[in-house]
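In what follows, a single structure is set out as structure tokens and then discussed.
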Amino acid sequence: MTTASLRSIYPAGPTYPSPASGEGIGRGFDPRRLRREFPIFANNPDLVFLDSGASAQKPRQVIDTLAEFYQRDYANVHRGVYSLSQRSTDAFEEARRIVRAFLNAADERELVFVRNATEAINLVAQSWGAANLKPGDEILISDLEHHSNILPWQQLSDRLALRLVVAPTDETGELDLAQFEARLSPRTKLIAVTHISNVTGVVLPVTRIVELAHERGALVLIDGCQAVPRMPVDVRALACDFYVFSGHKAYGPSGVGVLYGRYDLLEAMPPWQTGGGTILRVGYDHTVYQEPPHRFEAGTPDIAGAVGLARALDFIEALGREAIAEHEAALTGYGVDCLSRIPGVELVAGGQRRLSIVSFNLDGVHPHDVGTVLDQYGVAVRVGHHCAQPLMDKLGLAGTVRASLGVYNDKDDIDRLAAAIEVAREMFAR
């Protein structure tokens, strides 16, 4: 089955022509019109969804693809000789090729399907890390990291007597590159950083980070969960060693994610989880494992999830990643401007290039209370520490209110958010 045949079998949905001048905040598509492609909004017509940083909503073509695949082509993959299993296998492996093209990886064997980015990072830690790191080696992260890009390295450091080093952000919310470089040492073996902070929206200078790392012989893992849905990502241009993302944040199904790894690295890594699908031959005294990526895909994978993820990436490509980035950057700027004008709103610094995420607090009001009031006005936001407690400790905050954007958001959504915050401010001032 070719890429073209997979895309012809499963519904691709409509194309999205450029809107007339003045429609939408960025060029490329009209979010109000595009919203009709997301059934969640037809079923919740008053919803202002500003929590795409946690999980994005799903377009109809992804939902239809999942239903169609289960109704027509589902069977277990790779070992069935009957035609239904072969069709399922073809669709699953075609999904891998679509992910390869989306990330511009050199080889489809560099893409491992996992449950989510958390599992991908743990896989690298427990396979590459356990096999290659020794006592005294250092892993360098930033102070912006999600717990999923802290805890696997912390656990590995405790087990192997490694040192976990943290590079700080400055008062503007940007990664302090001078401090970052100062923390690199001959003992630095891995740098693990986010591409876009899930708390502040700051875009990290990952190209420069990779250059600095490779000059010193260190590898780089990038957490791309927030970047993949909203900006171009080219792993070969970045020259990173590992890149991870989750499907559910990229308009795809929950329960499927991707690990990209340079093939020479994956080829030298031992399997982490073992079992069916990972082996060539099993004996009681010795087992021969498959080559990547299959040696890392133990058990039955989320077959439909991979196919659905491929359709979601097609959806993103149809809109245009540059157009999405332009739209969300402009809308982020509009949101920062609107919220900064509201008395009592304290924005969390997000650097000079903030994309799609704005965190804030309302003076004297707990974030959970703000979120509850906003929900009463149909505005869905995330509240709490956003799985970034060390960053909250640095900022002296218990948590924040976080608004995060998707392709279906527009200025009206920001205006409704601002109006609901005004209501909350007046309510708690009484």
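The values are calculated or read from the model by the stated rules, or taken from the named source; none is laboratory data. Computed from a predicted model, the values in this text were never measured in an experiment. Virtual Cβ from ideal backbone geometry, glycine too; neighbours counted across all protein chains shown.
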query = Quick check: is even one residue across segment 147-158 in the same structural domain as ARG208 (by TED's automatic domain parsing), closer than 26 Å to ALA131 by Cα, of a type in the set (D, E, K, R) and free of Cβ contacts under 8 Å to residues at least 24 places away in the same chain?
reply = yes
query = Can we say PRO270 is surrounded by 20 or more Cβ atoms within 10 Å (Cβ to Cβ) and of a type outside the set (S, T, N, Q)?
reply = no
query = If the Cβ limit is 6 Å and pairs must be 6+ apart or interchain, which residue in segment 50-70 that is closer than 17 Å to ILE414 by Cβ pairs with which residue that is among the basic types (Lys, Arg)?
reply = ASP51/ARG382
key: Candidate set from segment 282-326 (those that are more than 21 Å from LEU405 (Cβ to Cβ) and among the aliphatic types (A, V, I, L, M)); member that is surrounded by the fewest Cβ atoms within 10 Å (Cβ to Cβ)   = VAL288
task = Those residues that are surrounded by fewer than 22 Cβ atoms within 10 Å (Cβ to Cβ) and under 24 Å from the mean Cα position of the chain (by Cα), I need them from segment 383-396; list them, please.
result = VAL383, GLY384, HIS385, CYS387, GLN389, PRO390, MET392, ASP393, LYS394, LEU395
key: All positions within segment 73-116 that are over 19 Å from ILE316 (Cα atoms), hydrophobic (A, V, I, L, M, F, W, C) and either surrounded by fewer than 21 Cβ atoms within 10 Å (Cβ to Cβ) or free of Cβ contacts under 8 Å to residues at least 40 places away in the same chain (or both)   = ALA75, VAL81, LEU84, ALA106
request  = Show the residue pairs that are 6+ apart or on different chains and have beta-carbon atoms under 7 Å apart, the first residue being within segment 371-395 and closer than 14 Å to ARG425 by Cβ, the second being surrounded by fewer than 17 Cβ atoms within 10 Å (Cβ to Cβ).
outcome  = VAL373/VAL423; VAL373/MET427; TYR377/VAL423
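Against the definition (free of Cβ contacts under 8 Å to residues at least 40 places away in the same chain and among the aliphatic types (A, V, I, L, M)), how does ALA182 come out, yes or no? Explain how you work it out, then say what you get.
Details: free of Cβ contacts under 8 Å to residues at least 40 places away in the same chain: yes; among the aliphatic types (A, V, I, L, M): yes.
Yes: the conditions hold for ALA182.
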remark   = For ASP176, the lone unmet condition from (1) out of contact with any Phe, Trp or Tyr (no Cβ under 7 Å at 6 or more places or on another chain); (2) in contact (Cβ under 8 Å) with a residue 40 or more places away in the chain is (2)
task = For segment 205-221, state whether one or more residues are closer than 29 Å to ASN361 by Cα, buried (at least 22 other Cβ atoms within 10 Å of the Cβ) and either in contact with a Pro (Cβ under 7 Å, 6 or more places away or on another chain) or not assigned by TED's automatic domain parsing to the domain that holds ARG353 (or both).
result = yes
key: Segments classed as helices (runs of 4 or more DSSP H), wholly inside segment 104-183, with at least 3 members that are farther than 23 Å from LEU238 by Cβ   = 151-160
key: Subset of segment 227-239 that is buried (at least 19 other Cβ atoms within 10 Å of the Cβ) and under 16 Å from the mean Cα position of the chain (by Cα) - its residue that is nearest to ILE196 (Cα to Cα)   = ALA227
query = Mind checking which residues of segment 188-225 are out of contact with any Gly (no Cβ under 6 Å at 6 or more places or on another chain) and part of a loop (DSSP other than H, G, I, E, B)?
reply = SER197, VAL199, LEU204, PRO205, ARG216, GLY217, ALA218, GLY224, CYS225
